[in-house]
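This report refers to the structure that appears directly beneath it.
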Amino acid sequence: MRFSRRSRRSTGACRYCRPRSGADRKGHSTQMPSTRAHIVSVGTAVPDRVLTNEDLEKILDTSDEWITTRTGIKRRHVLDKGDPTTASELGARAASRALAGAGLAPGDIDGIICATFTPDYFFPSTACLIGRHLGIHDVCAFDISAACAGFVYGLSLANALVLSGQCAKVLVVGAEIISKTLDWNDRSTAILFGDGAGAVVVAAHEQPDTGILGTYLSSDGRLSDILTMPAWGERRCMTMKGSEVFKHAVRLMGDAVFKALDAAGLDHGAIDLLIPHQANARIISSLAEHFAVPREKVVTNLQEYGNTSSASIPLALQDAFNDGRITGGTLVALTSLGGGLACASAIIRF
Ligand code: UT7
């Protein structure tokens, strides 16, 4: 991807700004040096099968009206029941498209990070398997367990690997086959999720004004019981206290943007595009209001994909590239929250 640069926007103070300093950061913020890690391409993959709200009406005590007004979701892509596609295969498809977009060969990559809560195995890691599918060997490869915050966690770690000189080009992948894990009799979760994968190539560039300018990672294990997916036991399905998660999602994803802006040395007025995790249109509206960002500057595509967990941010990034909302100079804020509760944000200038 090549972009022409345009000038930075002014960053005036506003009533939404709170006093912030490095000292009040509880999570992990990073101050960036002059070489930057850049997102140079995006690739995505979703199953062909589309499950609409009307389809769900036939199997659950629910309605298109309830799903649309409470979540904003209209359809989601899911694997057919007997489809043996794994998260690593879906992730490899997305990664292969990201490689093509960057004009890179598999041998150019020296790191693979995969975020997923639906891995093929406990081990080997899904990242190692993506490497196997693509013919990428002898590289650093590992998975991240941070649920819906996993992709941005991975992006932050890729940034650290690049800045430390350990890697030059890293694939960051979010890949999920959530439909295989759902209790299809539980209307409170079955209507929310979709399958999909998204990947980016993160590479070092000597362009200090662009690239990943700041990241923030955090978690709060005291809230670990409100969103779970047990690894053992009889009932290995997702459980969620939806309204509890909702409340914390608005607060934590909003705070996380401020913290990443702090790390980047920028004010929220500089944000050109907000890309939040795609869990609920009402959460996204609250965030947009919080940052006084007009709706056209907030990427929302959950109506098409549902909540795809770690794949949601790269799927939204891809849409923003496709519709021309990200061009050279665009300042993008990513923010995400998932089981843990885990929270991650990033500020990127393209
Ligand atoms: O990606 C990780 C992060 N996840 C999130 O951020 C999800 C955050 N939470 C949410 O998005 C929302 O809480 C939900 C969409 C999950 C639920 O919306 P809500 O407005 O919080 O609904 P609720 O759970 O409070 O349920 C309200 C009512 C209940 O009925 P009663 O007790 O009032 O009679 C539910 O049984 O809606 C009922 N309900 C449904 N009705 C029709 C729950 N699910 C459905 C359904 N169709 N699918």
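Compactness check for the chain: Cα Rg over 2.2 N^0.38 Å is 0.93. When we measure straight from the Cα of Lys259, which lysines land under 17 angstrom away, once same-chain ones fewer than 8 places off are left out? Hits, sequence-local ones excluded: Lys26.
Relative intensity of region 211-349 on a log10 scale, I(q)/I(0) at q = 0.09, 0.12, 0.13, 0.19 Å⁻¹, equals -0.26, -0.46, -0.54, -1.10, per a Debye sum over C-alpha point scatterers of equal strength in the absence of solvent.
Placing unit charges on each Cβ (+1 for Lys and Arg, -1 for Asp and Glu) gives the chain a dipole about its Cα centre, and among Ala264, Ala158, Cys140 the Cα reaching farthest toward its positive end belongs to Ala264. Remark: region 214-230, residue by residue, has Karplus-estimated 3J(HN,Hα) of x, 9, 8, 10, 7, 7, 9, x, 5, 9, 5, 8, 8, 8, 9, 9, x Hz, where x stands for each Gly or Pro and the curve is 6.51 cos²θ - 1.76 cosθ + 1.60 at θ = phi - 60°. Residues whose amide H lies under 5 Å from that of Leu213, counting only those 5 or more places away or on a different chain, are Ile347, Ile348, Arg349; hydrogens are built 1.01 Å from N in the peptide plane. Mean residue ellipticity, 222 nm, helices only, the chain: the sum of -39500 (n - 2.57) across DSSP H runs of n ≥ 4, divided by residue count and rounded to 500, is -9000 deg cm²/dmol.
With each label modelled as a point 7 angstrom along the Cα→C-beta vector, the Arg282-Trp66 pair spans 1.3 nm. Counted residue by residue at 0.36 nm each, then reduced by the alpha carbon distance between them, the extension gain from Ser145 to Val50 reaches 31.5 nm. For Asp220 and Asn322, a Förster radius of 56 Å and the Cβ-Cβ distance give a FRET efficiency of 0.95, rounded to the nearest 0.05.
Please work out how much length the chain gains when fully extended from Arg132 to Arg251, using 0.36 nm per residue of separation minus the C-alpha to C-alpha distance, in nm with one decimal.
Here the segment from Arg132 to Arg251 would lengthen by 38.9 nm.
Listed values for region 300-316 are Karplus-derived 3J(HN,Hα) couplings in whole Hz (6.51 cos²θ - 1.76 cosθ + 1.60, θ = phi - 60°), namely 10, 10, 5, 4, 9, 10, x, 8, 9, 6, 5, 8, 5, 5, x, 5, 6, and x replaces Gly and Pro. Applying 0.36 nm per residue to the separation of Thr181 and Lys81 and subtracting their alpha-carbon distance, the gain on full extension is 34.9 nm. For region 280-291, putting each phi into the Karplus relation 6.51 cos²θ - 1.76 cosθ + 1.60 with θ = phi - 60° gives couplings of 7, 5, 6, 5, 5, 4, 4, 5, 4, 5, 4, 9 Hz, in residue order, rounded to whole numbers and with x for Gly and Pro. Comparing Asp262, Asp110, Asp143, which has the greatest mean-square fluctuation in the GNM of the chain with Cα pairs linked when under 10 Å apart? Maximum among the listed residues: Asp110. Across the alpha-carbon atoms of region 167-246, the computed radius of gyration and Dmax are 17.8, 52 angstrom. For the residue pairs Lys74/Lys169; Lys247/Lys297; Lys74/Lys241; Lys180/Lys241, the C-alpha atoms sit more than 30 angstrom apart in Lys74/Lys169.
In this Cβ point-charge picture (+1 for Lys and Arg, -1 for Asp and Glu), region 211-349 has a dipole of about 220 debye about its Cα centre.
Amide H to amide H distances under 5 Å link Ser41 with Val201, where only residues 5 or more positions off or on other chains count and H is placed in the peptide plane.
Throughout, read-outs are computed from the coordinates displayed, never taken from laboratory work. None of these values were measured; they are calculated from a predicted model. Glycine also receives a Cβ, built like all others from the backbone with ideal geometry; neighbour counts cover every protein chain displayed.
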